[in-house]
Amino acid sequence: MNIILLGPPGAGKGTQAKGLAQKLNIPHVSTGDLLRQNVAGQTELGREAKNYMEKGTLVPDELVTRIVEQRLLQPDIKKGFILDGYPRNTSQARSLDRILGKIGTSVNLVMDLDTSEPVIIQRLTGRLVCKKCGANFHIKNMPPKKDMACDYCLGKLYQRSDDNEATIRTRLEVYRKEVSSLIDYYRQKNLLKPVVADGEAEVVLKEMVKLVEQINDSLKV
Ligand code: AMP
């Protein structure tokens with residue numbers, strides 16, 4: 001099953017993608033994570049992407065599409081994937097269709113995680129991320145058991161440099177500017193399913209698993 005998660009920053013795409021990937025035993029592909037790895041590794045691509053990411057604006061399509069294509073051509077993608085953070089505009093959506101066409105597959109389901117702005121700001125300004133395994137925590141809602149250490153791998157927790165209120169507002173503006181045409185793109189293809197994502201992570205995940213099962217059943221018919 002090839003799944004795309006749409007939704008504003010802070011909608012919980014990363015958290016839900018990890019949960020869903022575990023349940024379905026398929027890889028989670030996050031363009032934000034891939035870009036951050038490139039920035040940390042100081043690759044040429046990372047150096048080019050860094051400024052955009054720090055401002056909260058979009059990295060040029062050509063750069064992001066290059067890393068997505070490299071990732072989607074890996075053999076583990078054959079059993080399906082959960083794509084989080086890509087596409088972010090219709091040009092990327094068309095590039096994705098082209099890449100998937102090359103490997104003889106296509107998108108099966110697009111889940112649009114709907115979240116209100118106060119929830120987004122509260123989630124992102126308190127978000128903590130594990131440097132080692134990428135797990136997410138929250139200073140208040142989901143504090144780690146040990147101070148600033150990951151519950152799963154004891155990696156160091158940090159706050160993303162773009163998780164400050166000014167950059168979050170820019171990221172939200174960028175998201176809103178592009179999202180309606182992207183939603184139309186997938187609605188026309190009859191792939192779009194809305195998910196109310198303001199609630200607790202486990203409740204939202206259950207809802208998403210139900211949607212996946214429905215689509216799975218319809219694919220078998
Ligand atoms: P995320 O982890 O999805 O919140 O992404 C963090 C940042 O990486 C974004 O604010 C963008 O600067 C960049 N980024 C991630 N995915 C994309 C994409 N598909 N297109 C352009 N920029 C992206």
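The values are calculated or read from the model by the stated rules, or taken from the named source; none is laboratory data. Since the structure is predicted, the reported quantities are computational estimates derived from the model, not experimental observations. Neighbour counts run over all protein chains shown; Cβ positions are idealised from the backbone, glycine included. Ligands, DNA and RNA are stripped out before the accessible areas are found, and what is left, the full protein with its side chains, is counted by its heavy atoms. Shrake-Rupley method; radii C 1.70, N 1.55, O 1.52, S 1.80 Å.
Worth pointing out:
- Beta-bridge orientation, the chain: approximately 35 percent antiparallel, per DSSP, counting only bridges with both partners inside.
- Taking amide H atoms as placed 1.01 Å from N in the peptide plane, the amide H of residue 2 lies under 5 Å from those of 81, 108, 109, each 5 or more residues away in sequence or on another chain.
- For the residue pairs 78/145; 79/132; 18/156; 18/146, alpha carbon separations beyond 29 Å are given by 78/145.
- Fully extending the segment from residue 108 to residue 40, taken as 0.36 nm per residue of separation minus the present Cα-Cα distance, adds 21.2 nm.
- Net charge, residue 78 excluded, C-beta distance under 14 Å - Lys, Arg +1, Asp, Glu -1: +2
- Once the Cα-Cα distance is subtracted from the 0.36 nm per residue extended length, the residue 180 to residue 1 segment shows a gain of 62.0 nm.
- Computed over the chain, the convex hull of the alpha-carbon atoms projects to a mean area of 11.8 nm².
- Alpha-carbon centroids, segment 32-96 and segment 151-181: separation in whole Å: 15
- Near-label residues of segment 36-58 by backbone N, under 12 Å of a point 7 Å along Cα→Cβ of residue 91: 58
- Leading residue at positive end of dipole, the chain (Cβ point charges), from 34, 128, 208: 34
- Ligands, DNA and RNA are left out, and with a 1.4 angstrom probe the accessible area of segment 96-221 is 61 Å² per residue.
- Among residues other than residue 135 with Cβ under 9 Å from its Cβ, the summed charge is +1 (Lys and Arg +1, Asp and Glu -1).
- Annotation note: GluC sites (Glu not before Pro) in segment 141-200 located in DSSP loop regions with a Cβ neighbour count of at most 13 within 10 Å are 200.
- Net charge over other residues, Cβ less than 11 angstrom from the Cβ of residue 161 (K, R count +1; D, E count -1): +1
- Shape analysis of segment 115-200 based on the Cα gyration tensor places the equivalent ellipsoid semi-axes at 29, 15, 12 Å, largest first.
- The modelled label-to-label distance for the pair residue 198/residue 213, using points 7 Å beyond Cα in the direction of Cβ, is 2.6 nm.
- Segment 35-146: radius of gyration and largest Cα-Cα distance (Dmax), Å: 16.3, 46
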